[in-house]
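The values are calculated or read from the model by the stated rules, or taken from the named source; none is laboratory data. In this text the structure is predicted, and so the values were computed from the model without any measurement. Note: ideal-geometry Cβ built from the backbone for every residue, glycine included; neighbour counts use all protein chains shown. With ligands, DNA and RNA removed, areas are computed over all heavy atoms of the protein, side chains included. Shrake-Rupley method; radii C 1.70, N 1.55, O 1.52, S 1.80 Å.
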Amino acid sequence: MKAMKNIWAIIVLTMTNLLRSRVYLGLVFFMLLMLAASQLFSYFTFEEEIKIVMDVGLAGLTMMGLLTAVFTTAWSLPTDLEQKTLFMVLSYPVSKTQILLGKFISCSLSVLCNLFFMGVMFWVLVLFKLQDKGVDFQYLSMQLGKTFILIAMESIVSVGILLLMSIYFTPVINIVMFLFIFILGHAAGMIEVAIIKTEFIFFSVIRFLFIFIPDLTYFNIRDAVVLNQVVSWHYVEWAVLYGGLYTGLMVALSCYLFEKKEIV
Amino acid sequence: MEEHVLDVKNLVKFYKGLGGLKKVLAVDQLSLSVKKGEVYGILGPNGSGKTTLMKLIMGLLFPSKGQIKIFGSSVKKLSIKKRIGFLPEEAYLYRFLSAEETLKFFAELADVPRREQKTRIADALHVVGLFEARKRPSRTYSKGMSRRLGLAQILIKDPDFVVLDEPTVGLDPIGSREIKEIILGLKERGKTVLFSSHLLSEVEMVCDRIGIMHKGKLVLTGHLNELLLRKNEYSLVLEGFDIGRQSELEQVLQKSFHAKVISVNRSRETMEDVFIKTIKKHAS
Ligand SMILES: Nc1ncnc2c1ncn2[C@@H]1O[C@H](COP(=O)(O)OP(=O)(O)O)[C@@H](O)[C@H]1O
Ligand SMILES: [Mg+2]
């Protein structure tokens, strides 16, 4: 009960900080830019246009999710540690785990909010472009919905990874490392296949590392949706379960390590 | 048995240097206990380990060796923290919150009932003199205002044991007098206070007991009176005395009391008193 109250207080605090900082303005600006960009392609033929709008729009949405994750999470804890605000906070009956959970929830919420608003805008835009073109709206909305869900999941996995690294690293180092993990995560399948085919010990070491890097390809169904291939709900469920477990692990590990860290 | 609010035993703290190689010994085999209702001052030059000691007591740092008990249990216990208030070396505040919002946040963490929050926050803001500035973001506050907001946070929480790290450093005489008065107010209300300082006069003004810290060790501890009062020596303050008749007085004292006059001085105001009186006169 008290734990919930503490976490809630931290969420209110973190959200206030985010809303009053300029991070949000930047993200909104980016959102509008993406929307404008998707209008640039109207001189293509209709089939091409809709494909490009989908492609660019969904990629933009993914970027938006990642950017929000990075800009909220990479700075949150390091700022508190650097400005030493935790000195006073930790003199209250609130645990470091509760602080971290509050931060995780706040960062995830802002990611979800941003994705939700941009997703709805994108959806309206697509429907608007496709009206009177004899397209099955319900089917398309379903496909888009699945894509949105997985983009959101990938962003939350990113929040988890960024949160863990933010305990030890400054924002810039954190972001560089995150990009590295992100790229590897998207190449995971390919690299693993290549590695299995070789026999060198060196590669088994790399393979071992891949246990810790999430396979982010699970969350990328944009190509399938753009090419109009069916993605089953069953697949979405499994991908969300995978993402949820991975994130849970990251958050649990973060809390464990943060409890052991001295606040200097 | 007398209740000890704080019990520190054989405390050692190393800071790990670069790469964990070179170690800095910041607290060295330190033992200390503070009784209920006492104001204890840790006096020491810069770098003697005062801040490190306070962070260890608050559980921000972990001891390399030794143990710390507050109200008989470890600081790791969350419920203990309800009874401790802490003001760090600088009041590190959330720069985007106003004084009012800051105190609201801390009141939530301190479990102050919602219906009491408003009045308690307003009262604390009045006590520390921040009521006018309560709506401004704290990044616009001066150093003294930040410190006072840090103190207000303790008043809201109303803990039994208060830990203050150099509460008056960097403040003007009025600011530091106000803070001393707040400390004395806490003492009057039966709170236990541990605070550090490198200013001798300030420790003298408010402490019951002091410990002098040097290179991580407590090198001298004792009651202020034991340490400062000279044995068998008293001073007499006279009004309307004719200084021309000093030798007469000395003779009387010698004859009737067998007391020897050691020195005769004119009473002086302290510069602090003069300064504060002057400013107050101009303010009204
Ligand atoms: N984070 C740190 N890492 C390494 N050494 C430190 C750190 N903080 C303080 N020290 C060293 O520990 C000693 C005690 O410092 P401190 O507790 O801040 O003293 P004080 O508060 O009495 O000025 C000093 O020698 C200081 O250089
Ligand atoms: Mg200090």
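Annotations
- The set of residues from the stretch A:4-32 being more than 8 Å from chain B (Cβ to nearest Cβ), of a type in the set (A, V, I, L, M) and surrounded by 14 or more Cβ atoms within 10 Å (Cβ to Cβ) comprises A:Ile7, A:Ile10, A:Ile11, A:Met15, A:Leu18, A:Val23, A:Leu27, A:Met31.
- Among (1) touching a Leu at 6+ places or on another chain (Cβ under 9 Å); (2) part of a loop (DSSP other than H, G, I, E, B); (3) among the charged types (D, E, K, R), the one test that B:Lys55 misses: (2)
- Among the candidates A:Leu100, A:Leu86, A:Leu90, residue that is surrounded by 23 or more Cβ atoms within 10 Å (Cβ to Cβ) and modelled with pLDDT of 95 or more: A:Leu100
- Unmet requirement for A:Leu81, which otherwise passes all of (1) in a helix (DSSP H, G or I); (2) among the aliphatic types (A, V, I, L, M); (3) touching a helix residue (DSSP H, G or I) at 6+ places or on another chain (Cβ under 8 Å); (4) more than 11 Å from A:Ile156 (Cα to Cα): (3)
- Any hit, the stretch B:82-89, residues being modelled with pLDDT under 95, away from ligand 1 (no atom under 16 Å from the Cβ) and acidic (Asp, Glu): no
- Residues of the stretch B:19-39 satisfying the condition of being more than 14 Å from every other protein chain (Cβ to nearest Cβ) and either more than 16 Å from B:Ile70 (Cβ to Cβ) or within 16 Å of ligand 2 (Cβ to nearest atom) (or both): B:Gly19, B:Leu21, B:Lys22, B:Lys23, B:Leu25, B:Asp28, B:Gln29, B:Leu30, B:Val39
- Candidate set from the stretch A:249-262 (those that are free of Cβ contacts under 8 Å to residues at least 12 places away in the same chain and not hydrophobic (A, V, I, L, M, F, W, C)); member that is least open to solvent (accessible area, probe 1.4 Å): A:Glu262
- Restricted to the stretch B:72-173, the set of helices (runs of 4 or more DSSP H) holding at least 2 residues that are open to solvent by 20 Å² or more (accessible area, probe 1.4 Å), free of Cβ contacts under 8 Å to residues at least 24 places away in the same chain and more than 13 Å from chain A (Cβ to nearest Cβ) comprises B:114-127.
- Taking every residue in the stretch A:124-139 that is in contact (Cβ under 8 Å) with a residue 60 or more places away in the chain and pairing it with any residue that is polar (S, T, N, Q) and open to solvent by less than 60 Å² (accessible area, probe 1.4 Å), at least 6 positions away or on another chain, the pairs with Cβ-Cβ distances below 9 Å are A:Leu125/A:Ser38; A:Val126/A:Ser141.
- Pairs, first near ligand 1 (Cβ under 7 Å from one of its atoms) and of a type in the set (Lys, Arg) in the stretch B:40-63, second open to solvent by less than 10 Å² (accessible area, probe 1.4 Å) and not in a helix (DSSP H, G or I), C-beta under 7 Å, six or more apart: B:Lys50/B:Ile42; B:Lys50/B:Gly44; B:Lys50/B:Asp165; B:Lys50/B:Ser196; B:Lys50/B:Met213
- Only one of B:Gly222, B:Gly190 that is exposed (fewer than 14 other Cβ atoms within 10 Å of the Cβ) and assigned to a strand (DSSP E or B): B:Gly222
- Enumeration of residues in the stretch A:92-105 that are away from chain B (no Cβ under 14 Å) and within 17 Å of the chain's Cα centre (by Cα): A:Leu101, A:Phe104, A:Ile105
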